[in-house]
Amino acid sequence: MGNVIVVGSGISGMTAAIRCAGQGVKVTLISPFPSERSQSVMAAGGINAVLRDCDPGDSVACHVEDTLKGGSYLAGSKAVTGLCENAENIIEYLEKLGTVFSIDKSGKLIRRSFGGQSYRRTYYCGSSTGKQIVSALVMEARRLEAAGMIERRLWSCFHSALIRDGVCYGVLIYDESTQGLEALYGDSVIIATGGQNSLFGKTTGSTQCDGYVAGKLFMQGAELKNLEFIQYHPTTIDIFQKRMLISEAVRGEGGRLFYEESGKKVYFMEEKFGAKGNLVTRDIMSRSIYETGRDVYLDISFMNKERINEKIPEVRDLCLKYRGIDISKEPIPVAPCVHFFMGGLAVHMNHETNIRSLYAIGECASMYHGANRLGGNSLLSAIYSGMVAADDISKNPKPKEDIDFSLEIEEEKEKLKQQMETRSKFPVMYIRDMLAETMNKSMGIVRTEAELDKGLSKIDYYLSIAEKLRYDNSVLAYFNYSLVGILNIAKASVFSAKARKESRGAHYRSDYPDSKDADAYASIISYNNGDFKIRLDKEKIYES
Ligand SMILES: Cc1cc2nc3c(=O)[nH]c(=O)nc-3n(C[C@H](O)[C@H](O)[C@H](O)COP(=O)(O)OP(=O)(O)OC[C@H]3O[C@@H](n4cnc5c(N)ncnc54)[C@H](O)[C@@H]3O)c2cc1C
């Protein structure tokens, strides 16, 4: 039987919770907001799989090779093979739960092309793939909740893990509804808290994804991997507080990038990479746009209105509603923006971290995407990693003896109380804004030693004042106590980017523009009382 605490209720956390509960492990699922508001619901484009009726010539082996190649051969082939081999079962599983994939007139699932893939293998649910999957998972979680196997706790934010001698015994959470810290004990803990978008301010993702949990666990001894690999999505559009994604589906349907020179359209991606130039991987496309140094547009106006309405209605609506652009007549102004994090908590094949009984899944873990992720592979890996962790926990129960954490818990309560009473000039949220500016400058599409050094010294300064900042009553308590963890994961990312003196996938250094095969290893970063240590994973401890 046993019990598990799942932190985060996006697609990966929900999958793990359902799978554990289905195998008799009791689950406490915590998150500040309901699953329906997780970043997972934003996924529109689709999920990759090679099904029985795939394009002629396509195969699971080809999906594996595209994924490894797209990630500049930094991901482990055994892990990626497991991911791709299980994709068909995952689609079947999602359909059984009630996910409604788009079908053609004969009732067959429709697939589309995504960048970096040799064949069409991205399946989708109209323009709301993530939403549909989340809805299906929520229904299943409710069934298991009624059966007493899952307890869903909202308004609960991770504070820290209860760790002793390299073993995790549970978590300390901050309950925003009661405004207090509470200890939850579990045989295992699964972290499913998504990426680190809000380190960068305005991105395509959710502000709930701030990297705090990974940053705090790093400070508590968990190792982080490949943090320098941050995916910029090449085609995003500025809308109020966000950059909205113009899905890769637009280019999959034939959309073409261009800029204007002397009144003429220059289709620079096709000039550079040939007929498939608009479907190269995201790292290459983002860099190519950056290198033009010009305003770039995405043109889909050659597509007739019926096809636009059928294939990309969400892009039509988004552009019209928020920017007044009719995409059947006008091009869309696009620019690259931070979108996805290939790096995160380092995990073994079973998704356990270097801390026993502490697992990480979904976007907060680093495993399948190497130096660059292929579109459509993230939903797949969020679900697959949730299944792998749940199966490991169900098969290898780790009952725990009672350990007394009361001293640590009292210390944390006291610290929080003191922070609430701090009255310095600057509020916590001020530094979050400064950090976003720093991260965008030093961790951009093109990086240099000088900018990385500047970034590091600024973050060190923010860290030096973080504990003395004024508590900000206008935001949740979480935003206050999370600052130091966030600064540490930000510093670890810049530190990793400085240490990798080569260019690979999404990590491009203009001062080291070539890839060095000798450095085709994951970078692992660890923390010891404020000291950061980095090493290349030559023994492939975290990959097979
Ligand atoms: C606009 C957009 C479009 C995308 N489209 C696609 C696509 O078409 N195909 C594809 O494969 N991928 C796509 N992706 C990527 C994909 O959606 C994500 O990688 C994936 O959904 C991540 O799932 P997750 O479960 O790991 O995390 P999330 O869905 O981000 O969930 C994280 C959970 O953790 C919780 N949480 C965060 N911090 C804390 C804390 N401190 N304490 C407690 N809980 C916390 C959150 O509330 C949330 O419940 C897209 C991403 C974006 C932003």
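Worth a mention:
- Among residues of the stretch 412-436 being in contact with an Asp or Glu (Cβ under 7 Å, 6 or more places away or on another chain) and in a helix (DSSP H, G or I), the one that is most open to solvent (accessible area, probe 1.4 Å) is M429.
- Members of the stretch 493-507 that are in contact with a helix residue (DSSP H, G or I) (Cβ under 8 Å, 6 or more places away or on another chain) and surrounded by fewer than 21 Cβ atoms within 10 Å (Cβ to Cβ): K498, K501, E502
- Taken over the stretch 454-488, residues that are more than 25 Å from Q179 (Cβ to Cβ) and touching a Leu at 6+ places or on another chain (Cβ under 7 Å) amount to 3.
- Residue count, the stretch 254-275 (criterion: in contact with a strand residue (DSSP E or B) (Cβ under 7 Å, 6 or more places away or on another chain) and in a loop (DSSP other than H, G, I, E, B)): 2
- Any hit, the stretch 474-492, residues being at negative phi and surrounded by fewer than 15 Cβ atoms within 10 Å (Cβ to Cβ): yes
- Scanning the stretch 443-461 for residues that are of a type outside the set (A, V, I, L, M, F, W, C) and outside any helix (DSSP H, G or I) gives G444, R447, T448.
- Total residues in the stretch 159-207, condition away from the ligand (no atom under 13 Å from the Cβ), open to solvent by 20 Å² or more (accessible area, probe 1.4 Å) and under 24 Å from the mean Cα position of the chain (by Cα): 1
Condition check ((1) away from the ligand (no atom under 12 Å from the Cβ); (2) farther than 23 Å from I246 by Cα; (3) modelled with pLDDT of 95 or more) across all residues:
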{"position": "T353", "(1), (2), (3)": "yes, yes, yes"}
{"position": "E363", "(1), (2), (3)": "no, no, yes"}
{"position": "S381", "(1), (2), (3)": "no, no, yes"}
{"position": "Y384", "(1), (2), (3)": "no, yes, yes"}
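- Residues within the stretch 247-283 that are away from the ligand (no atom under 16 Å from the Cβ) and open to solvent by less than 60 Å² (accessible area, probe 1.4 Å), tallied: 13
- Scanning the stretch 34-64 for residues that are part of a loop (DSSP other than H, G, I, E, B), surrounded by 15 or more Cβ atoms within 10 Å (Cβ to Cβ) and within 13 Å of the ligand (Cβ to nearest atom) gives S38, A43, A44, G45, G46, A49.
- Only one of the listed residues (E314, E306, E363) is open to solvent by 10 Å² or more (accessible area, probe 1.4 Å), in contact with a Gly (Cβ under 7 Å, 6 or more places away or on another chain) and either within 18 Å of G194 (Cα to Cα) or not in a loop (DSSP other than H, G, I, E, B) (or both). That residue is E363.
- Contacts under 6 angstrom Cβ, first residue in the stretch 104-128 being under 23 Å from V64 (Cβ atoms), partner open to solvent by 50 Å² or more (accessible area, probe 1.4 Å) and assigned to a strand (DSSP E or B), 6 or more apart: L109/I103
- Only a single item in (1) charged (D, E, K, R); (2) open to solvent by 20 Å² or more (accessible area, probe 1.4 Å); (3) in contact with a helix residue (DSSP H, G or I) (Cβ under 9 Å, 6 or more places away or on another chain) is not met by R447, and it is number (2).
- Where G115 falls short, out of the listed (1) buried (at least 21 other Cβ atoms within 10 Å of the Cβ); (2) small (G, A, S); (3) modelled with pLDDT of 95 or more: (3)
- Top-ranked residue in the stretch 214-246 [being near the ligand (Cβ under 9 Å from one of its atoms) and open to solvent by less than 10 Å² (accessible area, probe 1.4 Å); ranked as farthest from V338 (Cα to Cα)]: T236
- Residue list for the stretch 471-504, filter: assigned to a loop (DSSP other than H, G, I, E, B), touching a Phe, Trp or Tyr at 6+ places or on another chain (Cβ under 9 Å), over 20 Å from I534 (Cβ atoms) and among the polar types (S, T, N, Q): S482
- If you check M349, M387 for being touching a residue at least 40 places away in the same chain (Cβ under 8 Å), open to solvent by 10 Å² or more (accessible area, probe 1.4 Å) and in a loop (DSSP other than H, G, I, E, B), only one passes: M349.
- All conditions in (1) away from the ligand (no atom under 14 Å from the Cβ); (2) crowded, with 24+ Cβ neighbours inside 10 Å; (3) part of a helix (DSSP H, G or I) hold for D392, with the sole exception of (2).
- Condition met for G505 (more than 30 Å from F158 (Cα to Cα) and either within 21 Å of the chain's Cα centre (by Cα) or of a type outside the set (G, A, S) (or both)): yes
- Only one of the numbered conditions (1) open to solvent by 30 Å² or more (accessible area, probe 1.4 Å); (2) hydrophobic (A, V, I, L, M, F, W, C); (3) more than 30 Å from E412 (Cα to Cα) is not met by V134, and that is (1).
- Residues that are open to solvent by 40 Å² or more (accessible area, probe 1.4 Å) and part of a helix (DSSP H, G or I), drawn from the stretch 137-158: M139, R142, R143, E145, A146
- Yes/no for I5 being within 13 Å of the ligand (Cβ to nearest atom), open to solvent by less than 40 Å² (accessible area, probe 1.4 Å) and assigned to a helix (DSSP H, G or I): no
- T353 satisfies every condition listed in (1) at negative phi; (2) more than 18 Å from the chain's Cα centre (by Cα) except (2).
- Consider the stretch 19-33 and keep the residues that are open to solvent by less than 10 Å² (accessible area, probe 1.4 Å) and part of a helix (DSSP H, G or I). The one that is nearest to G194 (Cα to Cα) is C20.
The values are calculated or read from the model by the stated rules, or taken from the named source; none is laboratory data. Just so you know, these numbers come straight off a predicted model, no measurement behind them. Please note: Cβ atoms are built from the backbone with ideal geometry, for glycine as well, and neighbour counts cover all protein chains shown. Please note that ligands, DNA and RNA were not included when accessible areas were found on the heavy atoms of the full protein model with its side chains. Shrake-Rupley method; radii C 1.70, N 1.55, O 1.52, S 1.80 Å.
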